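All of the numbers you see were taken from the coordinates with simple rules; none came from a lab. In this text, all values refer to a predicted model and were calculated from it rather than measured experimentally. All Cβ positions, glycine included, derive from the backbone under ideal geometry; neighbour counts span all protein chains shown.
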Amino acid sequence: MELADFLAGHNVTVSLPTLPGHGTHAADLFNYRWQDWFDCVKTEHRRLAKVCDEVFVCGLSMGGTLALHLAAHRPVQGVIALAAAVQFPPWQKYGVRLAKNIIKFRRKKSGEDVHDGVAKAKLGSYRRYPYYAVDQFFQLVEHVRAELPEIEQPLLIVHSPGDHTVDFENAQIIFDSVASTHKRKVELQDSFHVITVDVEKELVQQEVIAFLRAHSALLKKPAVKRAKPKRKPTSKTSKKSAGRS
């Protein structure tokens with residue numbers, strides 16, 4: 001929300017769709033596949049394209065993976081991938097696919113992957129999540145990894161080596177695999193995974209708005225100042241008081 005509020009304050013129309021199975025309860029994730037998450041993203045892209053002359057797509061973590069997937073299939077002006085995943089170790093993928101048939105849920109023992117203690121305490125998310133949903137995410141990741149060469153739009157990648165959720169090497173894989181001519185990779189220093197609220201969130205915000213200004217024809221246009229209405233000249237008259245006789 002902080003990044004969205006920041007962008008809205010800089011004259012950027014922002015949309016934050018809630019993916020199916022999110023924002024309700026953890027068990028709700030059993031009802032959806034990764035294709036349902038992408039359908040939600042496509043629907044919101046169509047809506048924005050009807051009211052906006054330019055559409056950029058931005059996402060954090062799995063949202064970044066979905067943003068890359070959208071860029072490979074839809075005409076967007078640019079892509080912003082924040083701590084996005086396009087690869088996980090084989091042992092992790094096989095382990096999840098085995099575990100989902102034995103154990104339904106995995107609990108978050110340490111909470112959110114955030115360095116800033118105050119920001120971490122404020123975050124609210126599922127305390128547990130289904131292995132089924134993780135497997136769906138891994139399937140999405142494999143799909144997007146294969147189509148990265150299809151992405152040609154300007155691209156901004158922001159990630160931190162301190163990320164304990166998505167390995168930092170994903171940033172370089174994305175950078176090396178896309179066909180984008182204009183691409184930038186930013187390496188943070190002190191953040192963990194949720195970089196939009198972590199200790200370097202202001203740097204993330206500045207990188208994002210700079211990227212948008214660099215690649216948006218609309219944001220490059222100077223703001224139109226309305227001319228102040230001209231006041232009609234007024235003539236001063238002196239009033240004479242009539243004396244009593």
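At what distance in nm do the modelled label points of K109 and L16 sit from each other, each positioned 7 Å from its Cα along Cα→Cβ?
According to this spin-label approximation, the distance is 3.1 nm.
Enumerate the aspartates and glutamates that K104 could reach by cross-link, defined here as Cα to Cα under 12 Å, with residues fewer than 8 away along the same chain left out.
Of all the aspartates and glutamates, those that pass the test against K104 - Cα under 12 Å, at least 8 places apart if same chain - are D135.
Could you work out how far helix 131-147 tilts from the main Cα principal axis of the chain, as a 0 to 90 degree angle to the nearest 10?
80 degrees
What is segment 2-219's relative contact order, in percent, from Cα pairs under 8 angstrom and six or more apart in sequence?
Values: 362 pairs, mean separation 48.1, N = 218.
Computed over segment 2-219, the figure is 22 percent.
Within segment 143-207, report the GluC sites (Glu not before Pro) that DSSP leaves as loop and that have at most 15 other Cβ atoms within 10 Å. Can you show the working numbers first?
Values: sites: E147, E150, E152, E169, E187, E200, E202, E207; in loops: E152, E200.
Counting only loop positions with at most 15 other Cβ atoms within 10 Å, the GluC sites (Glu not before Pro) in segment 143-207 are E152.
Quickly work out the Q206-to-A4 label distance, labels modelled 7 Å from Cα along the C-beta direction, and quote it in nm with one decimal.
So the label points at A4 and Q206 sit 2.5 nm apart.
How much net charge surrounds K100 when only the other residues with a Cβ under 12 Å from the Cβ of K100 are counted, with Lys and Arg +1 and Asp and Glu -1? Please list the in-between numbers first.
Working: positive: K93, R97, K104, R106; negative: D135.
Taking every Cβ under 12 Å from that of K100, the sum is +3.
Once amide H atoms are built 1.01 Å from N in the peptide plane, which residues 5 or more positions from V55, or in another chain, come under 5 Å H to H?
Amide H neighbours of V55, under 5 Å, 5+ apart: Q77.
Roughly speaking, what is the stretch gain from K42 to Q189, that is 0.36 nm per residue apart minus the C-alpha to C-alpha distance, in nm to one decimal? Write out the running numbers ahead of the final one.
Working: separation 147, 0.36 × 147 = 52.92 nm, distance 3.33 nm.
Difference between extended and current length: 49.6 nm.
Work out how much length Q139 to L98 would gain on full extension: take 0.36 nm times their residue separation and subtract the Cα-Cα distance, in nm to one decimal.
Numbers: separation 41, 0.36 × 41 = 14.76 nm, distance 1.42 nm.
Result for the pair: 13.3 nm of gain on full extension.
Return, ordered by residue number, the residues of segment 155-185 whose backbone nitrogen is under 17 Å from a label point located 7 Å along Cα→Cβ of E147.
174, 177-180
Taking the structure as given and computing volume of the Cα convex hull per residue in Å³, which label from [x] 212; [y] 180; [z] 114 fits?
Here volume of the Cα convex hull per residue in Å³ agrees with entry [x].
Helix 62-73 against the longest principal axis of the chain: what's the angle in degrees, Cα atoms only, rounded to the nearest 10?
Tilt relative to the chain: about 80 degrees.
Going through the cross-link list K100/K122; K183/K220; K109/K201; K108/K201, which pairs have a Cα-Cα distance over 27 Å in this structure? Working shown, then result.
Values: K100/K122 30 Å; K183/K220 19 Å; K109/K201 24 Å; K108/K201 23 Å.
With Cα atoms farther than 27 Å apart: K100/K122.
Specify the angular offset, from 0 to 90 degrees and rounded to the nearest 10, of the alpha carbon long axis of helix 90-99 from the longest principal axis of the alpha carbons in the chain.
Its long axis makes an angle of about 80 degrees.
Would you order F6, F30 from fewest to most other beta-carbon atoms within 10 Å of each residue's own beta-carbon? Show your work: numbers first, answer last.
Working: F6 19, F30 12.
Ascending number of Cβ neighbours within 10 Å: F30, F6.
Expressed in nm to one decimal, what extension gain is obtained for the pair T24 and C52 from 0.36 nm per residue of sequence separation less their Cα-Cα distance? Before the final figure, lay out the partial values.
Details: separation 28, 0.36 × 28 = 10.08 nm, distance 2.97 nm.
Working it through step by step, the gained length comes to 7.1 nm.
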